[in-house]
Amino acid sequence: MTSPTGSERADVAARLALAVGRLNRRIRATSDTLTPGQVSALSTIVRQGPIRPGDLARVERVAAPTITRLLADLETRGFVARTADPEDGRSFFVGATAAGAEAIERARAERADRVLELFEDLEPEQIDRLAAALDGLEKAAGMSGPGEG
């Protein structure tokens, strides 16, 4: 197979962006669960352990006020807890509670179940092609490995 031209790459990018956006809307939770931003931030906290809010904002690629709001809501819900930074009295770390880790596992399972339902309309060959594309999609998403996020 030859390497795609610039216009072919642009077409793939446009189609992928549209498909990902629509898939995201179709798999988004309809009940009173975590928002996509909360899932992403809490996943990072669970995966990386206690983290400073500023570092979390950089990882999540959002502004500090956004992380502040997310963390306040997650803390109110009992999903994260603050601990003082022993090296800087003005700073703190935020870590996941057991309830937060459980919430992430539930959110991931619910999302996977919704995607699995969407797969029911696909042919086995289409599923195989999706599986073959996962490494590239995960790399493009900035993920370091399977199941991250």
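Looking only at region 63-75, residues that are surrounded by fewer than 17 Cβ atoms within 10 Å (Cβ to Cβ) and touching a helix residue (DSSP H, G or I) at 6+ places or on another chain (Cβ under 8 Å) come to 5 in all. Take the conditions under 24 Å from Arg111 (Cβ atoms) and among the hydroxyl-bearing types (Ser, Thr, Tyr) and apply them to Thr66. Does it pass? Yes. Can Leu23 be described as surrounded by 13 or more Cβ atoms within 10 Å (Cβ to Cβ), of a type in the set (A, V, I, L, M, F, W, C) and closer than 24 Å to Gly136 by Cβ? Here the answer is yes, as Leu23 does meet what is asked.
Conditions (1) farther than 17 Å from Asn24 by Cα; (2) aliphatic (A, V, I, L, M); (3) free of Cβ contacts under 8 Å to residues at least 24 places away in the same chain, marked per residue:
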| site | (1), (2), (3) |
| --- | --- |
| Asp85 | yes, no, no |
| Gly89 | yes, no, yes |
| Ala96 | yes, yes, no |
| Ala99 | yes, yes, yes |
| Glu102 | yes, no, yes |
| Ile127 | yes, yes, yes |
| Lys139 | yes, no, yes |
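Just one residue in the set Phe93, Phe79 is surrounded by 13 or more Cβ atoms within 10 Å (Cβ to Cβ) and touching an Asp or Glu at 6+ places or on another chain (Cβ under 7 Å); that residue is Phe93.
Regarding Val39, is this residue touching a residue at least 60 places away in the same chain (Cβ under 8 Å), at negative phi and either surrounded by 11 or more Cβ atoms within 10 Å (Cβ to Cβ) or touching a Pro at 6+ places or on another chain (Cβ under 8 Å) (or both)? Yes: the conditions hold for Val39. Give me the residue from region 42-62 that is under 14 Å from the mean Cα position of the chain (by Cα) and not in a helix (DSSP H, G or I) and, out of that set, surrounded by the fewest Cβ atoms within 10 Å (Cβ to Cβ). Step by step, filter region 42-62, then rank; the result is Arg61.
Only the coordinates and a few stated rules stand behind these numbers; no lab work does. The shown structure was predicted, so the numbers you read here are calculated from the model rather than taken from an experiment. We place every Cβ from the backbone using ideal geometry, glycine too, and count neighbours over all the protein chains shown.
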